[in-house]
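A short reminder: the numbers here are calculations on the coordinates, not readings from a lab. All values derive from a computational prediction rather than experimental measurement. All Cβ positions, glycine included, derive from the backbone under ideal geometry; neighbour counts span all protein chains shown.
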Amino acid sequence: MSAAFPTSSLIKWGQRLMAAILLGGQVIVHLVTRPLHRRNTIEQMAAVGPESLLITLVTASFVGMVFTIQVTREFINFGASTAVGGVLALTLARELAPVLTAVIIAGRVGSAFAAEIGTMQVTEQIDALQLLKTDPVDYLVLPRVVACALMLPLLTLLSFVTGMTGGLLISSTMFDISQTVFLDSARLFLEVRDLVTAMIKSLVFGSLIAIIGSSWGLTTTGGAKGVGQSTTTAVVTALLAIFISNFFLSWLMFQSGFGA
């Protein structure tokens with residue numbers, strides 16, 4: 001019995017993953033062919049953006065400061081202290097800002113999507129919407145996907161600026177690196193395509209988070225216990241999707257010379 005349980009759980013997870021992929025296809029079709037529910041979209045944008053702003057900026061500032069502390073001393077030992085700002089800018093733009101922001105949103109917003117829609121599913125509110133001739137994809141899923149896809153790039157950009165600010169403060173106060181040298185290094189290293197790739201990554205991550213959270217909610221069964229399980233597995237699956245897609249996006253954008 002103990003050996004069968006993980007197998008059945010894996011099969012169920014695979015089925016829900018396929019349902020999420022199909023839901024993603026539906027979202028693309030509906031986005032092109034159906035009008036967007038504006039009020040729901042604005043409400044979801046507020047939940048994803050302004051309500052997540054504080055925790056995102058606090059995280060980014062400390063990440064920037066920690067990275068600077070760990071890297072700057074080694075750069076000084078090698079006589080490369082003038083490169084600290086540039087290295088931090090590249091690291092934040094290409095990886096830390098989009099990935100860490102997506103992880104925060106997956107934990108905060110993706111879990112909320114799964115819990116909210118899962119609760120609606122087990123209490124038969126989804127069936128009530130269908131009886132009222134309202135498509136759950138149009139009313140529930142599409143606004144969440146659009147909100148995440150639009151707000152996550154903005155949060156990522158703010159995270160980048162905040163992380164750079166934290167690194168600037170640490171480098172100037174703890175290591176006596178001139179702010180002008182730090183910023184000049186960042187301008188020298190950073191290219192427009194680095195910020196563009198960060199925005200593209202964030203858009204993809206936001207779409208994945210919303211689709212996975214919504215799909216896991218729509219496929220919830222088993223009452224309150226099922227809602228809890230859906231919330232947990234939705235967050236785990238979203239994190240896996242972020243890390244896996246990050247690899248392929250990085251390979252496509254940097255290995256292939258994207259924007260060069």
Open item on the list: If I filter the range 65-82 down to residues being surrounded by 19 or more Cβ atoms within 10 Å (Cβ to Cβ) and of a type outside the set (Phe, Trp, Tyr), which single residue comes out as nearest to PRO153 (Cα to Cα)?
Closed with: MET65
Open item on the list: Can you find, within the range 152-178, the residue that is surrounded by the fewest Cβ atoms within 10 Å (Cβ to Cβ) among those that are polar (S, T, N, Q) and in contact with a helix residue (DSSP H, G or I) (Cβ under 8 Å, 6 or more places away or on another chain)?
Closed with: SER178
TODO: Collect the residues in the range 27-39 that are buried (at least 17 other Cβ atoms within 10 Å of the Cβ), part of a helix (DSSP H, G or I) and either more than 20 Å from the chain's Cα centre (by Cα) or small (Gly, Ala, Ser) (or both), keeping them in residue-number order.
DONE: HIS30
Open item on the list: Quick check on VAL87: is it crowded, with 17+ Cβ neighbours inside 10 Å, within 20 Å of MET151 (Cβ to Cβ), within 24 Å of the chain's Cα centre (by Cα) and of a type in the set (A, V, I, L, M)?
Closed with: no
